[in-house]
Amino acid sequence: MRKAGVLILGILALVGKTWGAGPTFADAPPTRGFHRPTAYPLTRGETQVQLFAFSSPTNPLAFFEVEYGVSDSFQIGFRPIAAFFGDLRGWGKVHVGTTGAVSLAIPFGVEVWVPSWAWALHGGWVLSWRVLPFLTLHPGIDLAFSPGMSLQAYGSADLDLGWYLKLIVELDGEPPYVHVGLLAWVWGVVLFRVDTPLPTLSLRVSLTGRF
């Protein structure tokens with residue numbers, strides 16, 4: 001019995017060590033919440049790859065995304081598989097700077113749908129403000145041209161539940177408007193996201209490698 005107890009404690013310690021290996025959110029803040037960006041950029045040479053994404057209804061063309069830190073203040077991203085089928089999407093973010101607990105960035109993007117020859121351009125800004133040691137707010141604005149013009153406000157709040165786990169509430173200018181879920185570091189290289197829109201429940205899960 002005693003040996004079994006020691007074995008269980010050893011397994012739990014190993015799992016905890018593995019789960020917590022690598023960077024924390026203090027070392028590498030999330031560059032986005034669930035669907036919208038934060039003001040925090042990737043560093044120079046850092047790559048972020050979405051390896052898996054499930055949602056209902058699902059979009060099989062959108063699951064694979066690649067983002068790359070061109071410099072410490074500039075990153076780009078695209079969907080290579082979707083582009084092969086005529087859904088061309090590219091986006092990026094310029095980190096303007098950080099003053100104390102406040103960071104500012106300018107997200108931008110372009111979308112072109114070849115089958116219908118439709119297009120859209122995006123620009124705006126997003127602010128990440130560490131209000132409390134365990135609470136960060138991310139208000140932002142997205143200005144879109146397609147070919148008309150639209151303006152949408154969005155924002156999120158993330159609450160630290162530990163060094164490797166965050167509770168996120170995201171408000172968007174598009175329906176379903178509110179998403180609630182968790183963001184976690186796994187093994188130091190994988191970001192695990194799980195969220196659902198409110199008031200309806202539709203689970204979305206994604207795994208993103210960051211290295």
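A short reminder: the numbers here are calculations on the coordinates, not readings from a lab. Predicted model only: the values in this text are computed from it and were never measured. When we count neighbours, we look across all protein chains shown, and the Cβ atoms used for this are built from the backbone with ideal geometry, even at glycine.
Please provide three numbers in whole Å: the alpha-carbon extents of the chain along the principal axes, with the largest listed first.
70, 41, 39
Based on the mean of other Cβ atoms within 10 Å per residue, sort peptides 30-42, 79-91 so the most packed one is first. Please report the intermediate quantities before stating the final value.
Numbers: 30-42: 22.7, 79-91: 14.9.
So the peptides 30-42, 79-91, ranked by packing, come out 30-42, 79-91.
Rounded if a/c is under 1.5, else prolate if a/b is larger than b/c, else oblate: which is region 113-171, with a ≥ b ≥ c the root eigenvalues of its Cα gyration tensor?
Working: a/c = 4.35, a/b = 2.45, b/c = 1.78.
Judged from the Cα gyration tensor, region 113-171 comes out prolate (a/c at least 1.5, a/b above b/c).
Can you figure out the FRET efficiency of L167 with E111, using R₀ = 30 Å and their beta-carbon distance, to the nearest 0.05? Before the final figure, lay out each step's value.
Details: r = 31 Å, r/R0 = 1.02.
Computed FRET efficiency for L167 and E111 comes out at 0.45.
What does the helix-only formula give at 222 nm for the chain: each DSSP H stretch with n ≥ 4 adding -39500 (n - 2.57), the total divided by the residues, and the result rounded to the nearest 500 deg cm²/dmol? Show your work: numbers first, answer last.
Numbers: 2 runs with 23 residues, N = 211.
So the calculated ellipticity at 222 nm is -3500 deg cm²/dmol.
Could you grab the relative contact order for region 29-210? Cα pairs under 8 Å, six or more apart, rounded to a whole percent. Walk me through the intermediate numbers first.
On the way: 474 pairs, mean separation 31.6, N = 182.
Result for region 29-210 is 17 percent.
Which one of I106, H179, T47 is farthest out on the positive end of the charge dipole of the chain, using unit charges on Cβ (Lys, Arg +1; Asp, Glu -1) and the Cα centre as origin?
T47
Given a Förster distance of 25 Å, report the FRET efficiency between L203 and T24 from their Cβ-Cβ distance, rounded to the nearest 0.05. List each step's numbers first, then the result.
Numbers: r = 26 Å, r/R0 = 1.05.
It comes out at approximately 0.45.
Provide the packing ranking of 201-211, 68-78, i.e. peptides ordered by the mean count of other C-beta atoms within 10 Å per residue, highest first. Numbers along the way, then the final one.
Numbers: 201-211: 15.0, 68-78: 17.3.
Going by the mean number of other Cβ atoms within 10 Å, highest first, we get 68-78, 201-211.
May I ask for the angle, rounded to the nearest 10°, between helix 2-19 and the longest principal axis of the chain, with both axes built from Cα atoms and the value confined to 0 to 90°?
Taking Cα atoms only, the helix is inclined about 20 degrees.
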